[in-house]
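Structure first, commentary second.
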Amino acid sequence: MKPTMAILGSTGSIGRQTFDVCRFLGIRVAALTAHSSAEMLAAQAVECGAEYAAAYDAEAAAKLKELLEGTGIEAGPPGDEGLILAACREGVQRVMVAVSGSVGLAPTLAAIDAGKEIALANKETLVCGGSIVMRRVREKGTLLIPVDSEHSAIHECLYRRPGDMKKLILTASGGPFRGWTRQQTASVTPEMAVRHPNWSMGAKISVDSATMMNKGLELIEAMHLFSAPAEDIEIVVHPESIVHSAVEFRDGSILAQLGPADMRVPIQYAVTYPERCASQAEPISLAAVGKLTFEAPDMENTPCLALAVSCAKRGGTAPAVMSAANEAAVAAFLRGRIGYNEIYDRVAAAVDGCGFTADPTLGELLAADEAGRRFVRERID
């Protein structure tokens, strides 16, 4: 039976593709949210016959209310409240969390407490509060399915055999600057950084893929999702992006998941799990691919990845500070305020300068997130 969905972040890259998957499969979408794209959000809500829509930005929320007048669709309040009301909406069984940044943490926790199933496409929710989120999932006995292609692949490989795992293998394309030195990347522009060779993604995640911070964030996610220490997770560069990730088992065998570089595949897996349906994605031909190559990551020339691995091993508030500082630094880079190599410099300075708590509460994690963001912004402004 197909679940009734709420899509948080329905106008972003993952959100739009989720909307497309739901349309293709005939899945009902009852609630939608966006940050500030009121016109697109209103159009989506009307098209799918949603009951509820909310914009996070206050000005966009007012605009949305005007656009939905007379449609019978409820326009929710701005801010966290609007997201939480969507996530906890009566009749919704599964919530796609596709918002950007740590704003995803509050509605995810609220949805878990309300007994909803979670399709999680928001990295920062686990990077910032993963221990709390996963503990809440276990306590409530609900379902959380990762949407990232790498974690989706591992989820598939571990199906009914988690106790046999020896090592997780996260694959990375290497991004558009694979093989470049730090001297070469000094002149990288935002336009260059968002041109990913294999995937079509939003600007922020495209930059994270270029710096390979994305893979470090995914390592932290994997630690929480699959209860694995950082030492049991290997990162391997795989330029073809055909093997989405793999698991090595204790008998020495490796089980990998292969598929096209199309986010609609892991999105559909998270939306329909445990069922499988025909998808819109073009199937791959291994004969046409010809060969698959793998190499170790270049930690010296991708210092964001090295920093993320270090923060993952340190734990506590370090990942929250790093993730938030990275959000602020990438936003500044995309606006032309800092250079590409400065992303790492700013994030590393924040990790060193924001203090550290080894066993933080939720409040301390949120404070660390804000501290990392503020540290970078104040020094740029």
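The values are calculated or read from the model by the stated rules, or taken from the named source; none is laboratory data. Keep in mind that what you see is a predicted model, and the values were worked out from it rather than measured. Because the Cβ atoms are built from the backbone with ideal geometry, glycine has one as well, and the counts that use them run over all protein chains shown. Ligands, DNA and RNA are stripped out before the accessible areas are found, and what is left, the full protein with its side chains, is counted by its heavy atoms. Shrake-Rupley method; radii C 1.70, N 1.55, O 1.52, S 1.80 Å.
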Return the residue satisfying two criteria in turn: it lies in the range 27-61 and is under 20 Å from Ile84 (Cβ atoms) and in a loop (DSSP other than H, G, I, E, B), and of such residues it is least open to solvent (accessible area, probe 1.4 Å). Ala50
Would the range 343-356 turn up any residue that is under 21 Å from Val103 (Cβ atoms), free of Cβ contacts under 8 Å to residues at least 40 places away in the same chain, out of contact with any Pro (no Cβ under 9 Å at 6 or more places or on another chain) and open to solvent by less than 30 Å² (accessible area, probe 1.4 Å)? yes
Out of curiosity, is Pro266 outside any helix (DSSP H, G or I), at pLDDT 95 or above and open to solvent by less than 40 Å² (accessible area, probe 1.4 Å)? no
Output the residue which, of all residues in the range 67-98 that are in contact (Cβ under 8 Å) with a residue 40 or more places away in the chain and over 14 Å from Ala53 (Cβ atoms), is most open to solvent (accessible area, probe 1.4 Å). Gln93
All helices (runs of 4 or more DSSP H) inside the range 101-201 with 2 or more residues being open to solvent by 30 Å² or more (accessible area, probe 1.4 Å) and farther than 25 Å from Val247 by Cβ: 105-113, 123-140, 182-185, 190-193
Tally, over the range 270-296, of residues that are over 17 Å from Ile242 (Cα atoms) and either in contact with a strand residue (DSSP E or B) (Cβ under 7 Å, 6 or more places away or on another chain) or of a type in the set (D, E, K, R) (or both): 5
Scan the range 211-221 and tell me whether some residue there is out of contact with any strand residue (DSSP E or B) (no Cβ under 7 Å at 6 or more places or on another chain) and in a loop (DSSP other than H, G, I, E, B). no
